[in-house]
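Computed from the coordinates by the stated procedures, all read-outs in this text should not be read as laboratory data. Since the structure is predicted, the reported quantities are computational estimates derived from the model, not experimental observations. Methodologically, a virtual Cβ is constructed for each residue, glycine included, from the backbone with ideal geometry; neighbour enumeration extends over all protein chains shown.
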Amino acid sequence: MKIRVYYEDTDCGGIVYHTAYIRYCERARSEAFFAAETDPQTNTGGFVVRSLNADFIDSAMLGDIIEVRNKPLKIKNVSILLQQEIYKIFDNTNKSPCNTKIFQMIVKLGYIDFTTHHPSVIPKKFLEIINGK
């Protein structure tokens, strides 16, 4: 998913806030479902973040274009380990295309039942979307 960096994403120096990278990753996960014309949850269950480990490698700046790339690492019945990387693909300062990794995150998502708040089996259709099918 490609995203342009706007003022709302940055501090007064035009550098993207650290929390924005996690928000971009969340949007990319949701967008994978929306692109498949489905919501990332059902009436009875959905994904929650169990844990994440983030590495801030470089910075994005106001006007840059970034791309979030998702890669499932491990899929179980009730959880997914997902690698998400953010690449700067257009450097607005230099007005030039690039392909520089600026952020990476490993996130563990659990699928829960909304009523019991206990783990629940991930629906087959969701697994297909996550696997890119």
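Here the range 31-56 is scanned for amide nitrogen atoms under 19 Å from the site 7 Å beyond the Cα of Leu81 along Cα-to-Cβ, giving 48-55. Near Lys95, which lysines are there with a Cα under 30 Å away, not counting those fewer than 8 places off in the same chain? Within the straight-line cut-off, Lys95 pairs with Lys2, Lys71. In straight-distance terms, cross-link reach from Lys76 covers every one of the lysines whose alpha-carbon lies under 20 Å from its own, apart from those fewer than eight places away in the same chain; here that gives Lys108, Lys124, Lys125, Lys133. Normalised by the number of residues in the range 15-133, the average gap of Cα pairs under 8 Å and 6 or more apart makes the relative contact order 28 percent. The Lys2 and Val49 beta-carbon pair, evaluated with R₀ = 22 Å, returns a calculated FRET efficiency of approximately 0.45.
With the simple model of a label 7 Å out from the Cα in the direction of the Cβ, Glu26 to Asn131 spans 2.9 nm. Based on the convex hull around the alpha carbon atoms, the range 1-89 presents an average projected area of 6.7 nm².
Residues whose amide H falls under 5 Å from that of Ala60, counting only those 5 or more places apart or on a different chain, are Val16, with hydrogens built in the peptide plane. The angle between the Cα long axis of helix 18-35 and the longest principal axis of the Cα atoms of the chain comes to about 50 degrees, rounded to the nearest 10.
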